[in-house]
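These notes concern the structure reproduced below.
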Amino acid sequence: MSEETIIIANWKIALGGKESGELAEQLKKGLRRLPDGKEVIVCPSFMWLQKVSEILAKTDIKTGAQDCFWEERGAYTGNVSPLDLKESGCHYVILGHSERRKYLSETNLMVHQKARVVLNNGMTPIICVGEDFDQRQGSQKDYAIIRQLSESLEGINVATDNKIIVAYEPVWAISTSGGGIKPEPEEVSYSADVIRHILLDLYGNEIVNTCFRIIYGGSVNSSCVADYTKLPNICGVLVGSASLKIEEFVEIINNA
Ligand code: 13P
């Protein structure tokens with residue numbers, strides 16, 4: 001897998017237009033040059049994605065969306081086309097976040113269709129998987145991850161120039177919508193191994209090493225980020241709340 005450490009900010013819908021613009025300006029100033037070996041991606045809400053992409057256009061920071069629809073054009077009221085995301089300067093798309101699974105009944109099949117169209121449009125899907133608290137307590141953790149990931153990816157051809165990020169985000173670890181419990185690094189590492197085995201089963205060694213990166217998300221902040229990024233099978237982090245404050249986010253990037 002790639003040596004770069006990837007740090008992704010998921011702003012969810014926490015910020016309005018003015019605040020999104022201000023935070024993007026602060027990022028532009030504070031991160032004129034990214035530390036060596038770090039890749040930073042910011043995912044604002046749909047409304048402000050283009051604005052943030054424009055502010056960050058001449059920096060090394062890339063932007064991503066928090067979802068997209070699986071059709072490119074047509075009569076699909078209220079959805080967001082992958083073509084428009086691409087046109088607005090977006091390179092990454094988060095898919096299957098647990099908040100979408102919970103509030104919008106997003107299924108693995110939907111994630112599958114979205115992943116396909118995102119790849120076809122030359123963007124990188126960030127596929128979120130992870131068990132909830134009850135599944136963990138009931139020893140269903142591996143099963144939950146295996147099901148989410150294999151149903152999301154099975155049947156999608158991955159070419160050597162495609163990039164896919166898999167984010168292990170256990171629901172019980174998310175600070176706001178989940179339980180906010182920080183997992184032990186050993187548990188994250190265990191789940192990353194489960195994910196890697198599924199990927200190896202689906203795609204084999206060469207494609208997995210060339211195209212896939214596994215990251216961790218859930219209550220990541222500047223004090224704990226290194227506990228996860230130092231794991232040999234974790235390539236980065238997906239950060240929610242702690243990405244909304246410039247000093248804290250810059251500290252996360254430096255410590256990752
Ligand atoms: P927190 O970092 O606030 O726990 O959120 C994680 C998350 O949901 C990122 O996608």
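Each label point is 7 Å from the Cα along the Cα-to-Cβ direction; what then is the distance between the points at Thr176 and Ala159, in nm?
For the pair Thr176/Ala159, the computed spacing is 3.7 nm.
Work out from phi, with θ = phi - 60° and the Karplus expression 6.51 cos²θ - 1.76 cosθ + 1.60, the ³J(HN,Hα) of each residue of region 128-135, listed in order in whole Hz, and give x for Gly and Pro.
Result, ordered by residue: 8, 9, x, 7, 8, 4, 5, 5 Hz.
Cα gyration tensor of region 10-118, axes a ≥ b ≥ c as square roots of the eigenvalues: rounded (a/c below 1.5), prolate (a/b > b/c) or oblate?
prolate
In whole Hz and in residue order, list the ³J(HN,Hα) couplings for region 87-95 that follow from phi through the Karplus curve 6.51 cos²θ - 1.76 cosθ + 1.60, θ = phi - 60°; x for Gly and Pro.
So the Karplus estimates, Gly and Pro as x, are 5, 7, x, 8, 10, 10, 9, 6, 10 Hz.
Heavy atoms only, probe 1.4 angstrom, no DNA, RNA or ligands counted: give me Met123, Met47 ranked by accessible area, highest first.
Met47, Met123
Quick check on region 165-256: take the gyration tensor over C-alpha atoms, sort the square-rooted eigenvalues as a ≥ b ≥ c, and tell me if it's rounded (a/c under 1.5), prolate or oblate.
Here region 165-256 falls in the prolate category.
Using the beta-carbon distance between Lys51 and Asn254 and R0 = 25 Å, what value does 1/(1 + (r/R0)^6) give for FRET efficiency, to the nearest 0.05?
0.45
About its Cα centre, what dipole magnitude does the chain give when the only charges are +1 on Lys and Arg Cβ and -1 on Asp and Glu Cβ, stated in debye to the nearest 20?
In total the dipole reaches around 580 debye.
For the chain, what is Rg from Cα atoms divided by 2.2 N^0.38 Å, rounded to two decimals?
Ratio of Cα Rg to 2.2 N^0.38 Å: 0.93.
Under 15 Å from a label point 7 Å along Cα→Cβ of Tyr103: give me every residue in region 58-77 with its amide N that close.
66-68
Using a 1.4 Å probe on the protein heavy atoms, what percent of the accessible area of region 39-130 belongs to carbon and sulfur?
Result for region 39-130: 51 percent of the exposed heavy-atom area is carbon or sulfur.
Pulled fully out, how much extra length does the chain show between Lys245 and Lys230, if you take 0.36 nm times their separation in residues and subtract their Cα-Cα distance?
Gain on extension, Lys245 to Lys230, equals 3.1 nm.
Hey, how many Å between the Cα centroid of region 173-252 and the Cα centroid of region 40-61?
When both Cα centres are located, 22 Å separates them.
What accessible area per residue, rounded to a whole number of Å², is obtained for the chain using a probe radius of 1.4 Å?
With the other protein chains kept in place, the chain gives 45 Å² per residue.
Residue-wise, which Karplus ³J(HN,Hα) couplings in Hz belong to region 32-44, taking 6.51 cos²θ - 1.76 cosθ + 1.60, θ = phi - 60°, and x for glycine or proline?
Couplings: 3, 10, 7, x, 3, x, 10, 10, 10, 10, 10, 10, x Hz.
For every other residue with a beta carbon closer than 12 angstrom to the beta carbon of Leu200, add +1 if it is Lys or Arg and -1 if Asp or Glu, then tell me the sum.
That works out to -2.
The values are calculated or read from the model by the stated rules, or taken from the named source; none is laboratory data. Since we're looking at a predicted model, the values are computed, not measured. All Cβ positions, glycine included, derive from the backbone under ideal geometry; neighbour counts span all protein chains shown. Just so you know, the surface numbers come from the protein's heavy atoms only, side chains and all, with ligands and any DNA or RNA stripped out. Shrake-Rupley method; radii C 1.70, N 1.55, O 1.52, S 1.80 Å.
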